[in-house]
Amino acid sequence: MASLKELKGRINSVKSTQKITKAKQMVAAAKLRKAQSAAEAARPYASRLAGVVASLASRIVVSESSPKLLAGTGKDAVHLLVVANSDRGLCGAFNSNIVKAARLKAKALEAEGKKVQFYLIGRKGRAVIRREFPNAIIGGFDTTTVREAGYGEADAIAAELVALYDAGKFDVAHLFFSRFRSALLQEPTEQQIIPVPAPKSAVAADSVVEYEPEEEEILAALLPRYLKTQIFGALLENAASEQGASMTAMDNATRNAGDLISKLTIQYNRSRQAAITTELIEIIAGAEAL
Amino acid sequence: MALHFELVTPAKLVRSEEVHMVVVPGSEGEFGVLEGHAPFLSTIADGTVKVYKSENAAPEEIAIAGGFAEVTPKGLTVLAEKLVG
């Protein structure tokens, strides 16, 4: 049986842990609201751009001369998995869910005899992937220096990916991130980003549209931008998901700490009472003996 | 007689309003868009978009960096990389 002093110490330490988790929960709730509105604000741009890409792509016959970002390299040998994680922990299974999805995909691709490479965004998840695929990480992007990932970061990531692609380092790229459904639900999502998947919604070309400059040139300028937008969208979804996951995890932690405290307090009170009772018995027994 | 004009950046929807005319800095020259313009898609250079609220009003200038302008029967959409200033 733990001594009274030990129990007191444990109660205090659980109490201070609870304070931390509670603070983190409130911070996450505030940040979530911001991240969510940022993710929503980015949607009009993404959907308009997707519309333009769709209508352009439906007009162009994919040929040798069309941009490589759309047509692909003609091979399917090397796959790049771009895994977007957060920089911070204390957000439940958020990061491990994303990494798990990426690992499953990597295993499936390797079983098909494809080569798998990784490009990691964010600090978390690096260690796990490095342990499992020691030589497969060809690049990474550090987001620890900025408070929240924005368009500038998406720009840099996209530029680096396009450079790697042009250098022939990979043929297909998949992006892994967590899609934000609600504060309670975040879905690890996989999305092919290179070559740009042909948009499904082929807009009915009812009117003749003039292009300036030529279609091919516009498409060549538009595809990197489209890629950037998709990465940007993923980063924003990730940010919102992280805060959502963090909020839920910290809420649970706070509640668990509360349960633990009440359990420990009961135990503390009982042992204290037991000690008093023993003392009393000793005194009475001593008095009777006289 | 109004043109539906939208200016969108990755960060947010900046404008969505009815205007008289918009002059866009296309990469192959500036062009003005009035209501009923033929469908048109152009890349745009860094520069200023001039928004004319009404026929004689002084233009409102919005500096943008790079992007696309799309004219559809529904109106004009400018997809700018970012706002300058």
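Here B:67, B:36 are screened, and the one residue that is more than 14 Å from residue B:23 (Cα to Cα) and touching a Leu at 6+ places or on another chain (Cβ under 6 Å) is B:67. Residue-level analysis places residue A:77 among those that are farther than 30 Å from residue A:242 by Cα, in contact (Cβ under 8 Å) with a residue 24 or more places away in the chain, in contact with a Lys or Arg (Cβ under 7 Å, 6 or more places away or on another chain) and open to solvent by 30 Å² or more (accessible area, probe 1.4 Å).
Among the listed residues A:197, A:188, A:134, identify the single one that is under 15 Å from the mean Cα position of the chain (by Cα) and assigned by TED's automatic domain parsing to the domain that holds residue A:238. None of the others qualify; the one that does is A:188.
Determine, yes or no, whether residue B:58 is of a type in the set (A, V, I, L, M, F, W, C) and either in contact with a Lys or Arg (Cβ under 6 Å, 6 or more places away or on another chain) or not in a strand (DSSP E or B) (or both). So residue B:58 passes the test.
Quick one: in the range A:165-182, of everything that is open to solvent by 30 Å² or more (accessible area, probe 1.4 Å) and in contact (Cβ under 8 Å) with a residue 24 or more places away in the chain, which residue is nearest to the other protein chains (Cβ to nearest Cβ)? Explain how you work it out, then say what you get.
The first filter runs over the range A:165-182 and keeps only residues open to solvent by 30 Å² or more (accessible area, probe 1.4 Å), leaving A:166-169, A:179, A:181-182.
Subsequent filtering for residues that are in contact (Cβ under 8 Å) with a residue 24 or more places away in the chain retains A:166, A:168-169, A:179, A:182.
Working: A:166: 20, A:168: 27, A:169: 26, A:179: 18, A:182: 22 Å.
Here the answer is A:179.
Only one residue in A:269, A:256 is surrounded by 13 or more Cβ atoms within 10 Å (Cβ to Cβ), part of a helix (DSSP H, G or I) and among the polar types (S, T, N, Q). Which one? Steps first, answer last, please.
On the way: A:269 fails: surrounded by 13 or more Cβ atoms within 10 Å (Cβ to Cβ).
So the residue among A:269, A:256 that is surrounded by 13 or more Cβ atoms within 10 Å (Cβ to Cβ), part of a helix (DSSP H, G or I) and among the polar types (S, T, N, Q) is A:256.
For the residues A:123, A:131, the requirement of being over 29 Å from residue B:77 (Cα atoms), away from chain B (no Cβ under 14 Å) and surrounded by fewer than 17 Cβ atoms within 10 Å (Cβ to Cβ) singles out A:131.
Taking the criterion of being open to solvent by 60 Å² or more (accessible area, probe 1.4 Å) and within 14 Å of chain B (Cβ to nearest Cβ), the residues of the range A:16-36 that qualify are A:34, A:36.
Restricting the range B:4-55 to residues that are within 12 Å of another protein chain (Cβ to nearest Cβ) and of a type in the set (D, E, K, R), the residue that is least open to solvent (accessible area, probe 1.4 Å) is B:6.
Quick grid of which residues meet (1) acidic (Asp, Glu); (2) touching a residue at least 60 places away in the same chain (Cβ under 8 Å); (3) not assigned by TED's automatic domain parsing to the domain that holds residue A:120:
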{"site": "A:10", "(1), (2), (3)": "no, yes, yes"}
{"site": "A:26", "(1), (2), (3)": "no, no, yes"}
{"site": "A:48", "(1), (2), (3)": "no, no, no"}
{"site": "A:51", "(1), (2), (3)": "no, yes, no"}
{"site": "A:55", "(1), (2), (3)": "no, yes, no"}
{"site": "A:68", "(1), (2), (3)": "no, yes, no"}
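The values are calculated or read from the model by the stated rules, or taken from the named source; none is laboratory data. As the structure is a prediction and not an experimental result, all values here were calculated from the model. Using ideal geometry, Cβ is built from the backbone for each residue, glycine included, and neighbour counts are taken over all protein chains shown. The accessibility values were calculated without ligands, DNA or RNA, using every heavy atom of the protein model including side chains. Shrake-Rupley method; radii C 1.70, N 1.55, O 1.52, S 1.80 Å.
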